[in-house]
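Contents: one structure, followed by commentary.
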């Protein structure tokens with residue numbers, strides 16, 4: 001008899017579509033996840049914003065907006081770029097050098113900084129920028145020393161006309177400026193929703209911005225007929241050795257919009273590390289579903305072997321089935337994957353994580369990868385699952401197909417044990433690490449343990465059936481039969497448990513990591529702020545005015561920013577972002593409004609060149625009191641201040657504390673973020689900003705943190721949702737495969753109710769085993785990670801965890817009972 005494997009595959013799909021529906025869904029969901037993450041990754045790699053402010057300046061020189069970490073050497077040398085928290089600036093004097101470059105018509109030092117009026121904020125520039133922004137005077141003249149030009153909106157808000165005097169708060173303090181003119185802002189000055197605008201004399205702008213002698217960038221204008229490439233080359237030669245980088249084309253947009261660097265990091269984080277995990281989980285789950293589908297047709301392959309099919313024909317039939325199902329499933333999965341990527345990207349833009357000018361980039365590369373990965377997964381899983389039925393002797397085929405093989409494969413077991421040992425080892429590494437190192441090691445923990453569960457699935461399932469089956473034996477005939485079925489069919493049980501473990505482990509790790517961190521931060525914030533009043537978004541001179549208010553004992557201004565701290569050693573070097581607070585006043589005044597919980601040293605010596613750090617950061621950077629800790633200030637300036645104190649409430653208040661003057665000259669906005677006041681009343685302080693108490697401020701910060709947690713929760717929903725669908729899919733497949741078994745139970749006298757009770761008990765066992773194993777993996781990940789990051793145990797809200805467990809149980813019962821009811825109808 002001549003068997004055609006392609007014909008067998010087509011007939012199998014045609015006449016037994018239910019056997020392939022689960023495989024189709026799994027491969028389609030796999031393609032969806034890979035497509036969405038791949039699109040976001042490619043968007044992050046290609047992301048750019050068009051030049052708006054510098055649209056008429058073809059060449060722009062600016063400082064490098066990254067710091068770099070170099071690891072390894074030789075061929076293994078890697079250089080990681082970390083974006084700076086704020087704008088790095090260049091010497092304003094470079095404008096004169098750039099103007100002398102061949103082909104340059106003019107070079108303008110550009111400045112952008114905030115100033116405040118009594119009613120709001122203005123975006124300020126040097127007047128020289130009108131040469132490339134298109135802004136033009138409508139009345140009056142260009143500003144000189146002590147003068148300002150306002151746009152119509154700013155003049156209307158200040159109720160000022162040419163010749164009037166306006167009071168403006170700048171980084172140099174509050175000053176009175178004569179209004180020299182009224183201007184219409186051009187396209188370059190209205191770019192990116194700049195709002196009301198003011199212009200100052202170029203000679204005065206750097207000091208008013210708080211950065212004397214520094215410019216944000218140098219805009220170079222060409223002479224007539226000069227090409228951009230030629231001008232770029234000549235400017236680069238003219239500025240050689242200055243540290244300035246020359247930009248043209250879309251690179252100019254990155255200079256004027258620093259948020260692009262962080263947007264790229266965000267997209268790369270989703271599409272890269274998370275996308276890699278998601279792709280591994282998706283492929284792993286799809287492979288398990290394909291293997292389950294092949295194993296469910298063991299009897300068919302046994303019959304084929306018994307009537308003379310060769311091993312090669314069986315393998316070709318399995319491969320043909322994959323070729324028939326996988327490409328179509330992959331193509332259909334890419335369509336919702338594109339939709340998911342657009343939705344995710346749009347949500348990030350709405351939350352300000354990505355500039356509005358950035359667009360989603362969809363190409364054929366992630367789509368082809370998604371379809372190809374699904375095809376290779378189906379072929380690989382089918383080949384592995386089909387090896388035994390293909391090579392077994394015809395005489396043994398039918399006998400082996402009738403019972404489950406109890407002994408797992410040696411290679412699979414060995415790899416599973418290796419993954420288990422790796423997870424245990426990484427747990428120890430995470431327990432001994434701090435900060436980002438602990439989080440990195442914990443990621444390996446969850447992956448190793450998940451791999452171990454997948455590879456050791458039948459052994460784990462048999463163990464779970466034995467342990468969880470014990471209480472079922474005394475719960476009646478249906479429960480006892482469920483326990484016996486679970487022990488006998490461990491492989492089937494493993495296929496159902498693994499996706500639930502995946503969903504529980506990953507969702508719990510991502511969600512409870514955030515709840516744990518925010519819980520500790522909120523607790524530290526509430527205990528750390530001892531001020532009677534907290535003023536948010538205070539006026540520029542609020543600290544001085546508050547100190548003069550009736551009944552006020554102490555007023556301390558706090559400027560919040562971020563610094564970069566080198567951590568690790570050898571192959572584990574990194575630049576860790578650290579929240580910094582610059583505080584005004586003395587240590588005694590700070591103690592009146594904040595309790596940092598100092599554990600070593602003293603805040604008395606806090607000042608220029610001396611800082612205090614949180615204990616977790618001190619451990620990550622391996623510094624203590626008396627040591628010098630290298631760090632990069634927000635604009636990239638490198639410092640090595642002395643550590644004079646170590647404290648315990650950095651997560652809530654800031655991991656680095658320094659005097660305000662040391663921080664202020666290195667940020668774009670030098671206005672205080674908050675003002676902490678001891679004494680006084682809300683009424684006397686109301687004119688200085690929004691006044692609340694410490695508890696109200698902590699609540700506001702907690703709400704802001706919940707918004708920031710959206711990304712983690714979304715990743716948990718995407719991955720957990722995929723795993724949940726995979727679990728439902730697998731459970732439905734296993735129940736449909738048991739139609740003959742369920743019919744036999746009905747024929748031997750079991751009632752419909754008894755069969756359904758047995759299935760519900762099995763569902764309860766599967767969901768309980770999956771939730772407990774997933775929880776154990778999440779705990780093994782979170783406990784060392786949170787100990788390293790916060791010094792405390794994970795915080796798991798009971799209602800939230802209960803909802804996870806209830807969802808797992810409910811979905812399991814739904815996936816089992818619905819197809820079982822349909823299967824039992826013919827036996828009613």
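The values are calculated or read from the model by the stated rules, or taken from the named source; none is laboratory data. Remember, predicted model here, so these are calculated numbers, not experimental data. No Cβ is skipped: glycine too gets one built from the backbone with ideal geometry, and neighbour counts run over all protein chains shown.
Here is how the numbers come out for the structure above:
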| quantity | calculated |
| --- | --- |
| Condition broken by residue 25, with the remaining ones in (1) closer than 21 Å to residue 289 by Cβ; (2) at pLDDT 90 or above satisfied | (2) |
| Near pairs, Cβ below 7 angstrom, 6+ apart or cross-chain, from the range 747-761 (outside the structural domain of residue 815 (by TED's automatic domain parsing)) to any residue that is surrounded by 16 or more Cβ atoms within 10 Å (Cβ to Cβ) | none |
| Helices (runs of 4 or more DSSP H) (entirely within the range 161-275) containing at least 3 residues that are under 35 Å from the mean Cα position of the chain (by Cα) | 251-256, 259-269 |
| Within the range 611-629, considering residues that are without any contact (Cβ under 8 Å) to a residue 40 or more places away in the chain and not in a loop (DSSP other than H, G, I, E, B), the one farthest from the chain's Cα centre (by Cα) | 628 |
| Subset of the range 399-438 that is at pLDDT 75 or above and more than 30 Å from residue 787 (Cα to Cα) - its residue that is surrounded by the fewest Cβ atoms within 10 Å (Cβ to Cβ) | 410 |
| Matching option when the condition is crowded, with 22+ Cβ neighbours inside 10 Å and either in contact with a strand residue (DSSP E or B) (Cβ under 9 Å, 6 or more places away or on another chain) or at pLDDT below 95 (or both), among 93, 120, 126 | 126 |
| Checklist (1) at pLDDT 85 or above; (2) surrounded by 23 or more Cβ atoms within 10 Å (Cβ to Cβ); (3) touching a strand residue (DSSP E or B) at 6+ places or on another chain (Cβ under 8 Å) applied to residue 536, failing item | (2) |
| Every residue from the range 106-117 that is in a loop (DSSP other than H, G, I, E, B) and buried (at least 24 other Cβ atoms within 10 Å of the Cβ) | 111 |
| Condition met for residue 50 (closer than 28 Å to residue 634 by Cβ, touching a helix residue (DSSP H, G or I) at 6+ places or on another chain (Cβ under 9 Å) and at pLDDT below 90) | yes |
| So residue 652, is it in contact with a helix residue (DSSP H, G or I) (Cβ under 6 Å, 6 or more places away or on another chain), more than 26 Å from residue 172 (Cα to Cα), touching a residue at least 60 places away in the same chain (Cβ under 8 Å) and crowded, with 20+ Cβ neighbours inside 10 Å | yes |
| Those residues of the range 660-673 which are under 21 Å from residue 613 (Cα atoms) and surrounded by 21 or more Cβ atoms within 10 Å (Cβ to Cβ), in sequence order | 663, 666, 667, 672 |
| Per-region count, the range 671-695, residues part of a loop (DSSP other than H, G, I, E, B) and within 21 Å of residue 527 (Cβ to Cβ) | 2 |
| Residue that is nearest to residue 69 (Cα to Cα) [pool: residues in the range 541-558 that are surrounded by fewer than 22 Cβ atoms within 10 Å (Cβ to Cβ) and touching a strand residue (DSSP E or B) at 6+ places or on another chain (Cβ under 6 Å)] | 541 |
| Boolean, residue 522 is in a helix (DSSP H, G or I) and in contact with a helix residue (DSSP H, G or I) (Cβ under 7 Å, 6 or more places away or on another chain) | yes |
| Which numbered condition residue 646 fails, given (1) buried (at least 22 other Cβ atoms within 10 Å of the Cβ); (2) under 28 Å from the mean Cα position of the chain (by Cα) | (2) |
| Filter result for residue 588 (part of a strand (DSSP E or B), free of Cβ contacts under 8 Å to residues at least 60 places away in the same chain and more than 24 Å from residue 171 (Cβ to Cβ)) | no |
| Filter result (in a strand (DSSP E or B) and within 24 Å of residue 789 (Cβ to Cβ)) within the range 591-610 | 594, 598, 599, 600, 601 |
| From 149, 59, residue being within 39 Å of the chain's Cα centre (by Cα) and surrounded by 15 or more Cβ atoms within 10 Å (Cβ to Cβ) | 59 |
| Test for residue 731: is it crowded, with 18+ Cβ neighbours inside 10 Å, touching a helix residue (DSSP H, G or I) at 6+ places or on another chain (Cβ under 7 Å) and closer than 30 Å to residue 552 by Cβ | no |
| Positions within the range 600-609 being out of contact with any helix residue (DSSP H, G or I) (no Cβ under 6 Å at 6 or more places or on another chain) and either buried (at least 18 other Cβ atoms within 10 Å of the Cβ) or more than 12 Å from residue 642 (Cβ to Cβ) (or both), in sequence order | 600, 601, 602 |
| Subset of the range 644-670 [closer than 26 Å to residue 211 by Cα and not in a loop (DSSP other than H, G, I, E, B)] | 656, 657, 658, 659, 660, 661, 662, 663, 664 |
| Residue 198 vs. criteria under 28 Å from residue 55 (Cβ atoms) and crowded, with 16+ Cβ neighbours inside 10 Å | yes |
| Among residues of the range 134-147, those that are within 10 Å of residue 199 (Cβ to Cβ) and either touching a helix residue (DSSP H, G or I) at 6+ places or on another chain (Cβ under 9 Å) or part of a loop (DSSP other than H, G, I, E, B) (or both), counted | 4 |
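Here's the yes/no breakdown for (1) touching a residue at least 40 places away in the same chain (Cβ under 8 Å); (2) out of contact with any strand residue (DSSP E or B) (no Cβ under 6 Å at 6 or more places or on another chain); (3) under 25 Å from residue 443 (Cα atoms):
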| site | (1), (2), (3) |
| --- | --- |
| 735 | yes, yes, no |
| 771 | yes, yes, yes |
| 774 | yes, yes, yes |
| 780 | yes, yes, yes |
| 786 | yes, yes, yes |
| 792 | yes, yes, yes |
| 803 | no, yes, yes |
| 820 | yes, yes, no |
